[in-house]
There are 2 protein chains.
Amino acid sequence: MPQGQPLVVPDDGLTTRQRRNQPLFAVHTGDGKGKSTAAFGLALRGWNQGWRIGVFQFVKSAKWRIGEQTVLERLGKLHEETGEGGPVEWHKMGSGWSWIRRKDGTEDHAAAAVEGWAEIKRRLTDQTHDLLILDEFTYPIAWGWVDAEEVVAALRERPGRQHVVITGRRADPRLLEAADLVTEMTKVKHPMDAGRKGQRGIEW
Amino acid sequence: MPQGQPLVVPDDGLTTRQRRNQPLFAVHTGDGKGKSTAAFGLALRGWNQGWRIGVFQFVKSAKWRIGEQTVLERLGKLHEETGEGGPVEWHKMGSGWSWIRRKDGTEDHAAAAVEGWAEIKRRLTDQTHDLLILDEFTYPIAWGWVDAEEVVAALRERPGRQHVVITGRRADPRLLEAADLVTEMTKVKHPMDAGRKGQRGIEW
């Protein structure tokens with residue numbers, strides 16, 4: 001349903017429209033599947049609204065390319081060709097962030113994560129995207145590479161109307177506290193428990 | 001990661017490859033967000049593999065059209081134009097299933113749900129799709145319109161390599177028992193609790 005009835009109407013001095021148009025900060029966490037997939041599904045919706053989509057994957061593997069990247073980048077190309085939807089940028093930490101020219105071959109993941117977050121902060125200030133997906137960004141925070149307080153402060157202070165989704169297990173409680181929407185994906189049953197390995201089209 | 005290590009290797013006489021290529025039956029349930037969105041995200045991956053995607057939405061509203069439908073149908077058109085990805089069919093119960101010519105204006109949702117399931121059974125037999133998303137199909141089952149045993153039997157007996165995802169709250173225990181993968185999306189925090197209504201691009 002497009003418009004549900006809110007349970008409470010807050011005394012925050014905002015009109016319903018103002019409140020509705022507040023930018024959203026969502027966290028998808030838990031041990032189950034669907035955290036990233038649901039975020040990329042949101043990117044589909046946003047693209048359809050003409051939003052400028054930015055995906056930042058804090059994954060370690062350089063080789064890793066999932067189907068969603070191919071399809072969302074294809075949609076971004078479609079936008080360039082026909083004006084449909086919005087532009088799409090997809091950046092991955094694993095292969096070295098694309099905006100960093102120097103590739104020194106070292107694999108300092110902590111430094112790469114810090115640099116990724118610094119770029120995202122710049123983009124938040126510049127309002128580069130309408131929807132930012134910080135995929136698996138919970139891990140550099142959990143490992144202490146990126147400071148949770150700093151992330152929360154930057155998100156609280158972000159200007160304009162930028163939606164942000166952070167995915168990953170072990171989300172810091174301060175992220176959950178700051179988020180407007182938190183969904184926990186819980187694994188009830190998984191085929192790998194029954195000895196199956198991942199398969200093309202399902203896992204990637 | 002593309003290939004995880006399974007916790008146990010079952011004594012089922014199958015090779016790893018055979019086991020990996022078994023068709024998947026997944027259920028996304030729970031009260032949280034992301035059940036359908038994650039399913040449509042899977043459709044992105046499947047499209048990218050060239051799979052024939054079939055979405056069947058068991059929702060009541062006729063007017064309802066979500067961004068994912070527009071985008072996935074656009075991807076289906078792209079397949080027709082360029083051969084990229086796979087074909088996409090999207091059917092909704094609310095406006096009357098598109099394969100039923102007669103529109104008598106009555107809104108017998110139980111009959112419509114039964115007809116939807118009958119068509120899906122035909123398509124499973126014919127192996128029409130590689131991925132079938134039965135969105136909110138848990139409800140006609142929960143309401144007794146469609147028999148859970150019959151659904152489970154049809155899914156167990158489906159030929160070939162057809163992946164099936166069922167979404168919705170209140171999933172019947174027999175579905176969960178039969179499923180290879182069950183994810184429960186749990187609402188931890190939702191902006192409607194804070195008096196916000198749904199917004200374009202996020203909720204639809």
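Below, the figures for the structure above:
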quantity	calculated
Efficiency of FRET between residue A:143 and residue B:187 - r from beta-carbon atoms, R0 22 angstrom, step 0.05	0.20
Whole-Hz ³J(HN,Hα) from phi, Karplus 6.51 cos²θ - 1.76 cosθ + 1.60, for the range B:67-83, glycine and proline x	x, 4, 4, 4, 6, 5, 5, 5, 5, x, 5, 4, 4, 5, 6, 10, x
Additional length obtainable on full extension of the chain from residue A:65 to residue A:126, 0.36 nm per residue less Cα span	19.2 nm
Whole-Hz couplings from phi, Karplus 6.51/-1.76/1.60, listed for the range B:120-127; x for Gly and Pro	4, 4, 4, 5, 4, 4, 7, 6
10 Å Cβ neighbours from other chains, averaged over peptide B:47-54	3
Sequence-distant residues sharing a close amide H with residue A:189 (under 5 Å, placed H)	B:182
In order through the range B:164-181: 3J(HN,Hα) via Karplus (6.51 cos²θ - 1.76 cosθ + 1.60), integer Hz, x for Gly, Pro	10, 10, 10, 10, x, 6, 6, 4, 4, x, 5, 5, 4, 5, 7, 6, 7, 9
Gained length - residue B:110 relative to residue B:154, 0.36 nm times residue gap less alpha-carbon distance	13.9 nm
Amide hydrogen neighbours beyond the local backbone of residue A:90, cut-off 5 Å, H modeled	A:55
Dipole-positive endmost among B:153, B:167, B:137 within the range B:126-178 (Cβ charges, Cα centre)	B:167
Cα gyration tensor shape for the range A:65-176, rounded if a/c is under 1.5, else prolate or oblate	oblate
Residue pairs, from the table A:121/A:187; A:189/B:77; B:35/B:121; B:77/B:121; A:77/B:187; A:77/B:189, whose Cα atoms sit over 30 Å apart	A:121/A:187; A:189/B:77; A:77/B:187; A:77/B:189
Peptide-level mean, for A:30-36, of C-beta atoms on other protein chains within 10 Å	6
Order by protection proxy (mean Cβ within 10 Å, highest first), peptides B:171-177, B:23-29	B:23-29, B:171-177
Average partner coverage of A:81-88, which counts Cβ from other chains inside 10 Å	1
Where a label projected 7 Å from the Cα of residue A:174 along Cα→Cβ would reach, residues of the range A:137-155 with amide N under 15 Å	A:138-155
For residue B:145, residues with placed amide H under 5 Å, excluding near neighbours	none
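None of the figures in this text is laboratory data; all of them are computed from the coordinates on show. The model shown is predicted, which means the values in this text are computed figures rather than measured ones. Here the Cβ is made from the backbone with ideal geometry for all residues, glycine too, and neighbour counts use every protein chain on show.
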